[in-house]
Structure formats: C-alpha cells, structure tokens
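Okay, so here's the structure we're looking at.
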Amino acid sequence: MELLILPFVFGILSFIIPSSWSRTFGLIGAASSLMVALFHLSGFEPQTVRTIFDPNRTFPLGLSFKMGFDALGLVMILLTNGIVLLVLLSNWNREIAKNKLFTALVFLMQFGLLGVFTAQDGILFYIFWEFTLLPIFLILYWFGAKDNNPTLFKFFIYTLVGSLAMLAAFITLGSFSSSYSYEDLRQVSLPAGYACWIMSGFLLAFAIKIPLFPFHTWQPATYSSAPMAGTMLLSALMLKMALFGMIKWMLPLTAEGLECMRWPVIILGSIGIVYGALIAIKQNDIKKIFAYASISHLGLIAAGIMLYTTSAMQGAMIQIINHSLISVGLFLAADILENRTGTRKINELGGIAKLAPHYGFWFAVIVFAGLSVPFTAGFIGEFILIKEMFSFHMIIGIVAATTLVLGAVYMLRAYQVSMFGAPKLTEFQDLKWNETFVFVALTILILVIGLSSNCIIDFLEPSLSNYQVTLK
Amino acid sequence: MDALIVIFITGLISLFVGMLKKPYLTLGIIASGLVLSFCLQMNYGNYTSIFSKYDNLYFNITQLYFSEMAIGFTLLLVLGGFQYFKQDIEHTSDYLSLLLFSLCGAICLIGFTDLFMFFLGLEILSIPIYVMVGIKKQDVLSAEASLKYFFTGSFATAILLFGIALLYGATASFNLATIQEVIQSGSYSEPMLLIALLFIMAAFLFKVGAVPFHFWGPDVYQGAPDIVMAFMATVVKLAAVFAFLKLYAGTFQFLSEFWTGALNIAIILSLFLGYLSALRQTSFKRMLAYSSISNTGFALFALLTTSPSSAGSLWVFLIAYGCATIALVTISMIIHNVDDKIAAFKGIGYKNPFIGFVMIMSLLSLSGIPPLSGFFGKFLLLSNAINDHLYLVILALVSSAIGAFLYLRMIVLSLAKDPGNEVEKYPISILQYIVLGVCTVGLLGGWLIIIL
C-alpha cells in the first residue's frame with residue numbers, strides 16, 4: 001500500500017511546502033518511491049500475485065476495491081517510478097520545476113498511474129484511469145503553450161468519450177458477474193453476441209489513448225503544445241496504460257470477442273505503422289516528428305498484442321519498456337533544442353553537433369536506440385514482434401517490417417538536418433549535468449535491457465501466460 | 001414524524017422571533033431546530049416516536065436517509081443564503097420559516113403512505129416556493145418567474161388531482177398498499193387506471209422538471225433568488241423524485257410494462273435536451289437549470305428497476321448533485337454575480353484558490369469524473385438499469401460526454417488568468433466556509449458507498 005500512499009502524500013505535501021524547496025522535494029519523493037518499488041522487487045515470486053489492499057468485503061453492486069500486482073504490474077510500477085524520477089530530473093533547471101504546483105501534479109499523476117497498474121477491481125481500474133486525466137490536463141493547461149484551449153478540449157473529450165465506452169463495457173461485464181474483482185470477472189463466460197461489443201467498448205478507450213490510426217488526431221497537436229514534462233508523461237506512461245489495459249483487462253476478460261476484433265485492430269495498427277512514419281518523414285517540427293513516430297511504434301505494439309501469443313506479448317512488453325525510455329530521451333533532446341534556440345523547426349537549425357559535441361553524441365545514441373539497432377532493447381522487441389507478425393500473416397509481416405526502414409528515414413533525417421550541415425547558430429550551450437545524467441541513465445537501461453532481455457522475458461513469462469489461460 | 005413537528009414548530013417560533021428584527025437570533029433558532037430534527041431522524045433504532053400511531057406517514061430506513069438529506073440540504077442553504085436574506089431585515093425570518101414549511105412538505109412527500117398525505121405534502125412543498133420565487137419584488141424577472149411557476153404549477157396540481165381521482169375510481173382506495181394489492185389481483189377497471197397513471201406521471205414530470213414538461217424550469221430558475229433556486233433544484237427535486245420512485249417503482253410496479261415506455265422517452269429527451277440547451281447559455285442560472293434537467297434524466301433511471309438498491313443509488317446521486325449545486329450557488333453568491341453571467345466566474349481559481357478548488361470539484365462531480373460522488377451516483381444508477389435497458393444506458397453515457405464538455409468549459413474558465421483585473425479576493429463569511437466545506441466532504445464520494 002505504501003507504493004500508492006507515498007506519491008499521494010508527497011503530492012499533497014508539495015502544495016504546502018515553500019516553492020524554493022519544491023524541486024529537491026520532488027527528487028526525494030520520486031527517488032524514495034523508486035526505492036520502495038525496488039524493495040518490492042527483491043524477493044518477488046513471478047508466479048504470484050501480491051495483494052497490497054483488500055477490504056475483505058463486497059460493497060454495494062459488487063465493488064471490491066482490491067489492489068495487488070503480478071509480475072507485469074510490478075514491471076509497470078518500476079517503469080512508472082523510474083520514468084517519473086527521470087522526468088523530474090530532466091526538468092531540474094527549467095522554470096517549471098520551481099513551481100510547486102507542477103511537482104504536486106506530477107506526484108498525483110504518479111499516484112493515478114500506480115493505481116491503474118495495481119487495481120484488481122474493474123471499477124477501481126476505471127476510477128484510476130479517469131483520475132490520471134485530471135493532473136495531466138492541469139499540467140498541459142497551466143504549463144503548456146498559450147491559447148491551447150481547443151487542443152486541450154479535444155484531448156479531454158476524446159479520452160473521456162473513450163473512457164465512458166470502457167465504463168459501459170465494465171458495467172455490462174459486471175452484470176454477468178457477482179462482483180467487479182478481477183478474479184470474478186475472469187470467471188465470466190460471455191454470450192457470443194456480447195463479447196464482441198464489450199471488447200469494442202474497451203478498444204475504443206484504448207485505441208484513443210494509444211492512439212490507433214483513425215483515433216490519433218488529438219495526439220500531435222497535444223504533444224506539440226504540451227510542456228516537455230507533459231509530453232514525456234503522456235507518451236512514456238499514459239499511453240502504456242492503454243497497452244497494459246489491453247494485456248491485463250481487455251484480452252483475458254473478453255477473449256471470446258478476440259476473433260471479431262483481431263483483424264480490425266491489426267489492420268489499423270499496420271496502417272498506423274506506415275501512416276505515422278510517412279507523415280513523420282514530411283514534418284518540420286521536431287516534436288511532431290517524434291509524435292508521429294510514436295503513432296508508428298505503438299501501432300506495431302498494439303497489433304502485436306492482438307496476436308495474443310505469448311512471445312508476441314513478450315515482445316510487446318520489451319517494446320513498451322523500450323518506447324518509454326526512448327520517448328523520454330527523444331523529447332528531452334527536442335526540448336533542449338527548443339529551450340536553447342527558441343525554435344523546433346529543424347530547417348532553421350544546423351551544425352549543432354559542432355557547437356555542442358556532448359549533446360550531439362547523446363542525441364545520436366538515443367536516435368540509434370530509436371532505430372532499434374542491435375544491442376539495444378528495441379532490436380529485441382521489434383524483432384520478436386515482426387517475427388510473430390510474419391507467422392500470423394505474411395502481408396501484415398511485410399507491412400510491419402517497413403517500420404525499420406521508415407523509422408531510419410525519419411529519425412536520421414531529424415537528426416541530420418538539425419545537427420549536421422552548415423552552422424546556422426553562433427552558440428549553443430552544451431548539456432547540463434542533469435541532462436547528461438538522464439541521457440546516461442537511459443542509455444545504460446536501454447543497453448542492459450537489450451543485452452539481457454531474457455531476464456525480463458523470463459520474469460514476465462508466468463504472468464503473461466496466466467493472461468492467456470482463457471483462450472483455448 | 002417528530003422531526004416534522006420540530007421543523008414546523010421551529011418555523012412558527014422564528015416567525016414570532018422575527019418581530020424582534022434580530023436576524024442572528026432567528027438563524028440560531030432555525031439552525032438548532034434543523035440540527036435537532038436531523039438528530040431525531042438519525043436516532044432511529046432505539047427511539048420510539050410519541051406519534052408512532054399515526055400511520056399516514058411511515059419512515060423506514062430509506063425514507064429516513066432521504067429526509068435527512070432534505071434536512072441537511074435545507075440547513076446548508078439557510079447557512080449559505082443567510083447573507084442574502086439578512087439584507088432585508090424586515091422579512092429575514094419570514095423567508096427562513098417559509099423554507100422550513102416547504103421542508104415540512106418535502107418530508108411529508110418522502111414519508112407518505114396514502115394519496116391524501118401525498119397531495120398535502122406536495123402542496124405544502126409548493127406553496128411556500130411560489131411565494132419565495134417572487135421575493136425580489138422590484139425585479140421583473142422574479143415577478144414573471146413567480147407568476148409563471150404559480151400558474152403552471154397549479155395546472156400541474158389540477159392534473160395530478162384528476163389523476164388521483166381516476167385512480168380512486170379505478171381501485172376504490174387512497175392507500176398505497178391497498179392500491180398495490182388491487183393492481184396485483186387485477187380487479188380494477190383498466191382504462192381508468194392507465195389514464196390515471198399517465199396523468200400522475202405528467203404531473204410528476206412537471207414537478208421534477210423533466211422534458212417535455214420542463215419549460216417553466218429555466219425561466220423560474222433565472223428569476224428566483226439564488227438560494228431559492230438552489231432549494232428548488234435540490235430539496236424540491238429530491239422529494240419529488242423520491243415520491244415518484246415510491247409510487248411508480250413501488251405501488252405501480254406491476255404495471256411497469258405500461259408506463260416504462262413513456263418514461264424512457266422522457267428520460268432520453270431530458271438527457272439530451274438539457275445538456276444541449278445548456279451549451280448555448282450565457283446566464284449562469286439558466287445553464288444550471290438546463291443541466292438540472294439532464295441530471296433529472298439521470299435520477300429517473302432509478303425508476304426503471306424495482307431492485308431494492310435503486311433507492312440507495314438515487315440517494316448517492318442526489319447527494320452528489322445537491323452538494324455540487326449548493327456549492328456552485330454559494331460561490332455565485334460570494335462573487336456577487338448579480339448579472340447572472342457565466343463569464344463572471346473567470347479567473348476565480350487565481351483570486352480565491354479555495355473557491356476555485358470547490359468549484360472545480362463540484363463541476364467534476366457533475367460531469368461524473370471519478371473518484372467524486374457524481375461518478376458513483378451515475379455508476380450505481382446505470383449499473384442497476386443495464387440489464388433491462390442497455391440502449392438507454394449507452395445513450396446516458398453519450399449525453400454525459402456532452403455534459404462533461406459543458407462543465408469542462410466552466411472549469412477552464414475558472415482557471416483562466418485574467419490579467420485585466422487586479423487580483424482582489426472576495427470576502428467569504430464563516431458560514432459560507434462551513435457550507436463549502438460540508439459540500440466538499442459530500443463530493444468526495446468514497447464514504448457514501450461504504451455507508452450505503
């Protein structure tokens with residue numbers, strides 16, 4: 001339980017403390033949450049589910065409010081706490097970090113995310129899912145670009161509509177079950193007509209959040225108007241909620257509906273892979289390039305999850321972790337550009353690698369990690385996913401494999417145009433200590449995961465195969 | 001029953017105390033009377049009423065919960081609106097005691113067991129409101145509202161009486177239990193009973209302000225003083241909806257095949273017409289009036305199922321709705337929103353962070369964002385109804401997205417930075433702090449689920 005209470009208490013305290021302490025306070029809070037999560041990791045048996053809260057009674061209408069996590073949940077918790085620490089660290093010498101509201105909102109966001117990853121009750125999952133919308137909305141509203149109201153409304157209404165569809169799905173599902181606890185919902189065997197509809201309710205929520213191809217229109221505008229921390233939290237953590245929801249909630253609970261929804265999602269994912277990449281190639285705004293790149297990457301992951309084989313889900317998990325790390329790195333690099341030069345248009349930049357060699361080097365490392373070169377985590381993840389796609393259907397496999405080529409085009413183009421060529425600037429301040437630290441930490445993590453992905457795959461194997469039990 | 005008498009006597013005393021022209025004394029008497037009656041209703045298990053023999057009013061646990069909610073809301077409104085009533089020192093106690101008399105009617109309407117008491121309660125509830133709507137004597141809108149409410153209200157009452165008469169003709173009884181037995185046994189004259197049901201339903205839809213009998217709502221809400229508007233939106237509505245629930249989901253439940261169709265249409269129309277009209281409003285009170293139409297649509301979901309938990313769900317929903325409305329109206333009074341413009345809320349979050357916080361909480365609760373009470377209320381109501389009325393539930397969720405857009409606009413407005421005005425805090429009296437604090441507790445909904 002301390003996993004959740006800690007960020008919440010830090011979030012509330014951040015409102016009270018003086019502003020000058022807020023960034024130190026933020027780091028201490030994030031670091032201690034990470035320590036608690038690591039403490040949970042030691043001695044964790046991957047086969048078990050660790051319950052952290054159980055009121056031992058059923059409330060009206062079958063609410064049980066149980067919380068707990070298995071290996072998958074623990075990995076997501078570690079990811080959340082680690083990313084929050086990195087987000088706070090990369091904002092260390094920005095104006096925003098000195099604002100105590102910002103620190104408080106990040107902690108509340110962390111609280112909501114941890115709730116999503118530990119909920120063992122359908123309605124509790126929904127409650128936390130919706131709760132995360134509030135802090136991120138306020139971060140985008142207060143610290144984002146001026147006059148971004150229409151963008152934010154679009155973002156809020158899109159996600160809210162998706163969530164309501166998920167609520168309808170949960171209520172319908174709950175009407176077949178004695179309570180909303182995860183175990184009871186797993187027992188439900190749905191009538192044929194219902195499963196497909198319930199699954200599409202879930203899918204609408206997840207497709208908007210991921211975002212899958214036709215539901216993505218909120219994303220690029222929101223990313224480019226958001227402050228760096230908001231973009232990082234959105235792309236590194238909030239989108240992962242949806243993928244996590246697909247693996248843990250949607251597929252095991254409504255596996256009967258898989259047959260009718262599998263092809264649509266895989267096709268939409270494949271369209272997203274190509275579409276996102278092609279648009280990213282033509283973009284000039286570096287944040288938009290990475291936003292569309294994110295659509296492309298996540299389309300692959302979502303399509304992979306819908307294959308519903310153990311190894312595809314393992315690949316998806318590796319890729320989820322990898323994408324979180326890379327997107328923190330990429331958006332940090334993009335924000336450094338904007339922060340130092342005042343523009344995000346890559347054709348107005350050039351020759352920065354000469355002016356700031358350290359920045360040039362670490363940016364290149366992250367870009368190569370984003371290209372999934374061997375030894376990085378992305379290589380393993382994309383390799384497994386594409387292999388599974390091929391064995392599912394050859395055409396789909398070929399479409400999915402284009403991500404490697406197209407990814408190289410937009411990533412290298414963004415890097416080359418902005419960093420090489422004739423210098424258009426006279427000076428460019430090189431990395432500060434905190435930025436270097438974030439880049440180094442990300443690189444180490446990406447390499448470690450890339451070289452020892454078997455550990456993670458083995459660690460996740462029991463819980464991932466547990467999610468597959470219902471499908472015969 | 002005792003609570004009813006305490007409230008009535010408190011109202012009488014405060015009428016006489018009013019001659020002293022000491023508003024705080026009146027306030028003290030009324031507040032203590034309400035607190036006393038609240039405690040009397042609370043003390044159910046081991047306390048025998050002196051009037052327990054009177055069987056036209058019956059309070060079991062559900063009725064007690066609802067009447068406590070009515071008493072609590074009235075107390076909050078008296079405290080929150082005291083500053084407004086105090087301005088007219090001649091009539092302070094008249095206004096406050098009228099509110100109490102209306103509350104008596106609400107409690108009769110919650111506890112009735114026969115149609116005499118029902119009609120009596122409805123009239124005791126309504127007549128003080130006709131007066132209260134018109135207390136701004138110089139104001140044209142207020143006079144219009146009072147007249148309009150009186151005429152349409154009387155008309156609805158006439159229709160109701162017609163329905164009751166037909167019901168008596170069909171079943172030969174005023175007693176709810178007897179009527180239910182007659183309906184169950186099938187020994188009634190059919191067309192007369194069915195017409196009676198429709199007439200009574202029309203009158204009810206008028207009283208709760210649901211489409212297609214909603215036209216009086218926005219005009220009357222706009223014309224009435226803020227606090228009277230809040231009383232109509234909370235106490236009157238909760239009593240009427242509960243009586244509606246009791247008659248239709250209880251007494252007439254064996255005819256539900258006949259009346260659910262009509263009710264479904266009223267619900268769908270209310271859900272969408274309310275929010276869609278509210279989107280275009282610039283007047284704060286008209287906006288609240290239209291959004292209250294939609295919220296009524298949600299509340300009427302409780303009637304669609306006969307399961308015993310539907311009253312509890314309705315209770316949670318009405319607490320959430322009532323607390324949010326009272327908080328918003330109190331805030332509107334704090335900022336002296338005499339022009340009644342939504343734009344007056346601009347930048348409140350910067351001027352008074354506390355007000356901004358309560359306002360955002362109430363708007364989020366109205367839009368049904370967890371973990372606030374509004375979410376739990378809607379969730380309980382909808383999940384009760386989902387087995388039989390799946391399409392209605394989906395429509396309700398769609399309309400709730402429209403509502404979320406409506407409330408989100410107000411949230412963003414209250415957070416907006418307004419560099420033109422210098423930052424000047426609005427003074428908040430201690431009573432208003434209490435009201436806003438209590439409403440905030442009511443809006444944090446987790447505890448409601450646990451005591452349910």
Given the residues B:PHE215, B:PHE204, which is the only one that is surrounded by 21 or more Cβ atoms within 10 Å (Cβ to Cβ) and within 28 Å of B:GLY297 (Cα to Cα)?
B:PHE204
Count, please, the residues in the stretch A:141-155 that happen to be more than 11 Å from chain B (Cβ to nearest Cβ) and in a helix (DSSP H, G or I).
2
Any chance B:THR260 is more than 29 Å from B:PHE405 (Cβ to Cβ) and either touching a residue at least 24 places away in the same chain (Cβ under 8 Å) or touching a Ser or Thr at 6+ places or on another chain (Cβ under 7 Å) (or both):
yes
(1) closer than 30 Å to B:MET229 by Cβ; (2) at pLDDT 90 or above all hold for B:ALA165 apart from (1)
When you check A:ALA277 against the structure, is it in the same structural domain as A:ILE396 (by TED's automatic domain parsing), in contact (Cβ under 8 Å) with a residue 12 or more places away in the chain, farther than 30 Å from A:LYS345 by Cα and of a type in the set (A, V, I, L, M, F, W, C), yes or no?
no
Against the definition (at negative phi, facing chain B (nearest Cβ under 8 Å), part of a helix (DSSP H, G or I) and among the hydroxyl-bearing types (Ser, Thr, Tyr)), how does A:TYR126 come out, yes or no?
yes
(1) within 11 Å of chain B (Cβ to nearest Cβ); (2) part of a loop (DSSP other than H, G, I, E, B); (3) not small (Gly, Ala, Ser) all hold for A:TYR158 apart from (2)
For helices (runs of 4 or more DSSP H) lying entirely in the stretch A:181-245, having 3 or more residues that are farther than 30 Å from A:PHE102 by Cβ and not assigned by TED's automatic domain parsing to the domain that holds A:LEU86 picks out none
Please determine whether any residue of the stretch B:344-358 is crowded, with 23+ Cβ neighbours inside 10 Å and under 18 Å from the mean Cα position of the chain (by Cα).
no
Within the set of pairs 6 or more residues apart or between chains, which connect a residue that is modelled with pLDDT of 90 or more inside the stretch B:147-158 to a residue that is acidic (Asp, Glu) and part of a helix (DSSP H, G or I) with Cβ atoms less than 8 Å apart?
B:LYS148/B:ASP219; B:THR157/B:GLU123
Every residue in the stretch A:170-188 that is touching a residue at least 12 places away in the same chain (Cβ under 8 Å), more than 10 Å from chain B (Cβ to nearest Cβ) and among the polar types (S, T, N, Q), please.
A:SER177, A:SER178, A:SER179, A:SER181
So which of B:LEU115, B:LEU99, B:LEU109 is under 20 Å from B:LEU328 (Cα atoms) and in contact with a helix residue (DSSP H, G or I) (Cβ under 7 Å, 6 or more places away or on another chain)?
B:LEU99
Against the conditions (1) assigned to a helix (DSSP H, G or I); (2) modelled with pLDDT under 85; (3) surrounded by fewer than 22 Cβ atoms within 10 Å (Cβ to Cβ), where does B:LEU12 fall short? Just the number, please.
(2)
Here is a list: A:LEU140, A:LEU86, A:LEU105. Which entry is under 30 Å from A:VAL440 (Cβ atoms), buried (at least 22 other Cβ atoms within 10 Å of the Cβ), within 16 Å of the chain's Cα centre (by Cα) and aliphatic (A, V, I, L, M)?
A:LEU86
So for the stretch B:327-335 (the condition being within 14 Å of chain A (Cβ to nearest Cβ) and either touching a Pro at 6+ places or on another chain (Cβ under 8 Å) or surrounded by fewer than 19 Cβ atoms within 10 Å (Cβ to Cβ) (or both)), does at least one residue qualify?
no
Residue match in the stretch A:425-435 (condition: crowded, with 18+ Cβ neighbours inside 10 Å and either not in a helix (DSSP H, G or I) or not assigned by TED's automatic domain parsing to the domain that holds A:ILE273 (or both)):
yes
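The values are calculated or read from the model by the stated rules, or taken from the named source; none is laboratory data. None of these values were measured; they are calculated from a predicted model. All Cβ positions, glycine included, derive from the backbone under ideal geometry; neighbour counts span all protein chains shown.
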